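Heads up: the structure comes next, in structure tokens.
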Amino acid sequence: KPVLTWFRRDLRLGDHPALTAACESGRPVIPIFLYDEVAEGQGAAPRFRLGLGLKVLNKSLESKASRLIFRRGEALQCLRDLIKETDAGAVYWSRLYDPASKARDIKVKEALKQDGIDARSFSGHLLFEPWQVETKSGGFYKVYSPMWRAVKDTEIGSTLPTPSRIPAPQTWPSSEILASWEMSADMQRGADIVRSHCMVGESAAASRLGAFIVNGISNYAEARNLPAQNGTSNLSENLAYGEISPRSCWHAGMQARQEGKAGAETWLKELVWREFAYHLIHHTPHIVHSSWREEWGAFPWKTDERLREVKAWKQGRTGIRFVDAAMREMYVTGRMHNRARMIVASYLTKHLLCHWKIGLDWFEEHLIDWDPASNALGWQWSAGSGPDATPYFRVFNPVTQLDKFDKDRAYVSAWIAEEQGDPPQTALDYFHAIPEQWSMSASDPYPDPIVTAEDGRKRALNAYENRDF
Ligand code: FAD
């Protein structure tokens, strides 16, 4: 009786406990992907990026005389159909922790077990399962730094090799055609431009990690804050889809630390931010839709998406160069530098006093590294409603931040075409990507600030201090 191996955000063959267990079971293995309610419910860019990842995963499986079976529909129904058609006796998958995936997986596991199927979930998406790391008094960490101290020297098991053989069934069940799902259909901003900025698949991710460890990690502590430099690993896109395991990243970072490479510890810390985000989303799932600190739910953030300031923020024309450059970078590349994410999130929620949920949703629609846990934590942290919050009165000043982190204006010049005699291609790409109804042109004058850094700061502090909770 075959084992169905259900791929979701784990699009790799190496260090994949569920796949390894299936291959070692002595039974045929049928790799499957289900385009179900959870996968379809994501934003346009994550769905598009998922489609790219699936295509590459299928190729890797084919090189091992296997293949990916594609089905579309409600997950449990698809699984039951496949079990019936293949006489499978087991379904294995890697665990996920966001509320939508968890609700689905719990339902699927219970129902399949009742059907007499060996339904089993495995680790693989995280370094530590959310219930494995506990504070001294029990319970999960609600503050990042003590969690880092608790895990920073932890030995984690070695990575699993890619299975040498993926035993195929005698006959394959039918598969839908991936291309027929048109997963890029909702990419209104030109999938091709975004595609040119992606590095897709397991071997691309491994090369990225290798190059970063050799060339990038030593300067990481300083370069990671400079958005014009390629000073970070860029692995978030691959980690989001599981094209590389966090364990592979951890081992590479630990080895670099042992070799005394500067920057290695700082990078390991970032991997633990990802863990922290996942532990929070598991233990406090409301982080994705309402204020993590519940009292902040009463804060009168503006929620009307039609507001002039919301439109200006989304379209990258607030008149604040750091903010606009960042919003345009995301529109064109599907990525945004971490420092820039903090600046635009602070500007939206503090200077413009708009709800963090507007930003969270816009990011989900446009990021190719969209991750339910890191995005939710990033937005709540920036708004001051989250755990481990920057105190609400610390408002990023997007003008002084520019002087500090983009001294020679290389970042803003790369993304803002207006008032440049000969704008670079990146800045022009933005105007090729935007919809016509935004009616913007590279030859327009650059707009005046919608809210200046000083006025916005005063207004934010006033609103935050006068809140009545
Ligand atoms: P590196 O600097 O090389 O770090 C290595 C890895 O550590 C990253 O790939 C990522 O997996 C993890 N990491 C780094 N910084 C963070 C962080 N602050 N929080 C959690 N994990 C981190 N990251 C996403 O992956 N997806 C998102 O949807 C996302 N949304 C964000 C929204 C906001 C408002 C903010 C402030 C941050 C968000 N982040 C998100 C975190 C961070 O910006 C990105 O992970 C980082 O920019 C990715 O670049 P990199 O891969 O070069 O990271």
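Could you give every pair whose Cβ atoms fall below 8 Å, whose first residue belongs to region 334-355 and is closer than 24 Å to Ala298 by Cβ, and whose second residue is part of a helix (DSSP H, G or I) and of a type in the set (Lys, Arg), counting only separations of at least 6 or pairs across chains?
Lys350/Arg457; His351/Arg457; His351/Arg459; Leu353/Arg459
Go over the candidates Glu237, Glu222 one by one and state the one that is over 30 Å from Glu134 (Cβ atoms) and crowded, with 21+ Cβ neighbours inside 10 Å.
Glu237
List the number of the failed condition for Ala211; all other conditions in (1) of a type in the set (A, V, I, L, M); (2) crowded, with 16+ Cβ neighbours inside 10 Å; (3) without any contact (Cβ under 8 Å) to a residue 12 or more places away in the chain hold.
Failed condition: (2).
Only one residue in Ile244, Ile287, Ile320 is under 30 Å from Pro17 (Cα atoms), away from the ligand (no atom under 12 Å from the Cβ), surrounded by 21 or more Cβ atoms within 10 Å (Cβ to Cβ) and in contact (Cβ under 8 Å) with a residue 12 or more places away in the chain, so which one is that?
Ile287 is the lone residue from the list that is under 30 Å from Pro17 (Cα atoms), away from the ligand (no atom under 12 Å from the Cβ), surrounded by 21 or more Cβ atoms within 10 Å (Cβ to Cβ) and in contact (Cβ under 8 Å) with a residue 12 or more places away in the chain.
Among the residues of region 405-445, how many are part of a helix (DSSP H, G or I) and free of Cβ contacts under 8 Å to residues at least 60 places away in the same chain?
Qualifying residue count for the region: 6.
Of the conditions (1) within 8 Å of the ligand (Cβ to nearest atom); (2) under 17 Å from Leu96 (Cα atoms); (3) surrounded by 21 or more Cβ atoms within 10 Å (Cβ to Cβ), Tyr278 fails just one. Which one is it?
If we test Tyr278 against (1) within 8 Å of the ligand (Cβ to nearest atom); (2) under 17 Å from Leu96 (Cα atoms); (3) surrounded by 21 or more Cβ atoms within 10 Å (Cβ to Cβ), just (1) comes out false.
Pull up region 194-208, narrow it to residues that are in a helix (DSSP H, G or I) and hydroxyl-bearing (Ser, Thr, Tyr), then point me to the one that is surrounded by the fewest Cβ atoms within 10 Å (Cβ to Cβ).
Looking at residues that are in a helix (DSSP H, G or I) and hydroxyl-bearing (Ser, Thr, Tyr), I get Ser207.
Checking the structure you have, find out if any residue of region 328-345 is at pLDDT 95 or above, acidic (Asp, Glu) and either away from the ligand (no atom under 13 Å from the Cβ) or out of contact with any helix residue (DSSP H, G or I) (no Cβ under 8 Å at 6 or more places or on another chain) (or both).
no
I'd like to verify a number: residues in region 346-359 that are surrounded by fewer than 24 Cβ atoms within 10 Å (Cβ to Cβ) and part of a helix (DSSP H, G or I), how many?
Number satisfying all stated conditions: 2.
Looking at region 203-241, which of its residues are under 16 Å from the mean Cα position of the chain (by Cα) and more than 10 Å from the ligand (Cβ to nearest atom)?
Matches in region 203-241: Ala205, Tyr241.
Okay, residues lined up against (1) hydroxyl-bearing (Ser, Thr, Tyr); (2) closer than 29 Å to His286 by Cα; (3) surrounded by 20 or more Cβ atoms within 10 Å (Cβ to Cβ):
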residue	(1), (2), (3)
Lys55	no, no, no
Gln77	no, yes, no
Glu85	no, no, no
Ala88	no, no, yes
Leu96	no, yes, yes
Ala100	no, yes, no
Ile106	no, yes, no
Lys109	no, yes, no
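The values are calculated or read from the model by the stated rules, or taken from the named source; none is laboratory data. What you see is a predicted model; the values in this text were computed from it and never measured. Glycine also receives a Cβ, built like all others from the backbone with ideal geometry; neighbour counts cover every protein chain displayed.
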